[in-house]
1. Please enumerate the residues belonging to the stretch 136-178 that are open to solvent by less than 70 Å² (accessible area, probe 1.4 Å) and touching an Asp or Glu at 6+ places or on another chain (Cβ under 9 Å).
2. I need the full set of residues from the stretch 79-127 which are open to solvent by 30 Å² or more (accessible area, probe 1.4 Å), more than 10 Å from the ligand (Cβ to nearest atom) and among the β-branched types (V, I, T), in order please.
3. So which residues in the stretch 61-92 are more than 16 Å from the chain's Cα centre (by Cα) and closer than 21 Å to H8 by Cβ?
4. Could you grab me the full set of residues in the stretch 49-64 that are near the ligand (Cβ under 6 Å from one of its atoms) and buried (at least 22 other Cβ atoms within 10 Å of the Cβ)?
Amino acid sequence: MKLQSALHFSHTLLDQVVKPGDNVIDATAGMGNDTLKLAQLVGPNGHVYSFDIQKTAVTATKAKLAAAGYQNATIVQLGHEQLDQVVRVPIKSAIFNLGYLPNGDHHVITHPETTITALEKCLDLLETLGLVIVVCYYGHPGGEAEKSQVLDWVTHLPQRKFNVLQYQFLNQVHQPPFLLAIQKR
Ligand SMILES: C[S@@+](CC[C@H](N)C(=O)[O-])C[C@H]1O[C@@H](n2cnc3c(N)ncnc32)[C@H](O)[C@@H]1O
């Protein structure tokens, strides 16, 4: 067994938690990789709500889902901090990839205030034993500030309501992404 990267481990966790018929959120659609993974897991009776502020990301994600033949996703150009305008059902899971879109505009990054607002809204919607997953990239300008604020926020979530996991390689050079998983108890 090989230890998985944070990104790979995020999909391993989704495989464990998300079942056909579930409602789920991709908070940072980007190129649509997580939206496609979620659409496959929830199937025709479930639904994926997918958010990005960049038109190019929304277009790319819609194209990826259409090419794969999935019609079970609502993909909107809207900040995830406003996700409660679109999602009004309990969710089994939500996934965030923090940072910038690698093949896009590197100046468009996620920001701690809006990220934490969106995370709070996801926890409000989360079903018992559901999982909110954050893959945090922080090597870019602004990344360290987001990393420390998000880590501070998750660290202070009440233990009687949530279990919080951090998954991280400690001996890698540069700034390898790490994963946070928040489970509602
Ligand atoms: C690391 S990328 C996501 C990669 C994506 N998961 C994929 O599979 O390609 C981060 C994305 O977050 C988006 N983003 C930044 N601020 C946002 C916000 N407030 N709401 C939603 N998306 C946002 C960026 O436009 C960017 O596409």
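1. C136, Y138, W153
2. V86, V89
3. Result: K64, A68.
4. Answer for the stretch 49-64, where residues must be near the ligand (Cβ under 6 Å from one of its atoms) and buried (at least 22 other Cβ atoms within 10 Å of the Cβ): F51, D52, A57.
The values are calculated or read from the model by the stated rules, or taken from the named source; none is laboratory data. Treat the numbers as computed from the prediction; the structure is a model and nothing was measured. Using ideal geometry, Cβ is built from the backbone for each residue, glycine included, and neighbour counts are taken over all protein chains shown. Just the protein is used for accessible areas: all its heavy atoms, side chains included, with ligands, DNA and RNA removed. Shrake-Rupley method; radii C 1.70, N 1.55, O 1.52, S 1.80 Å.
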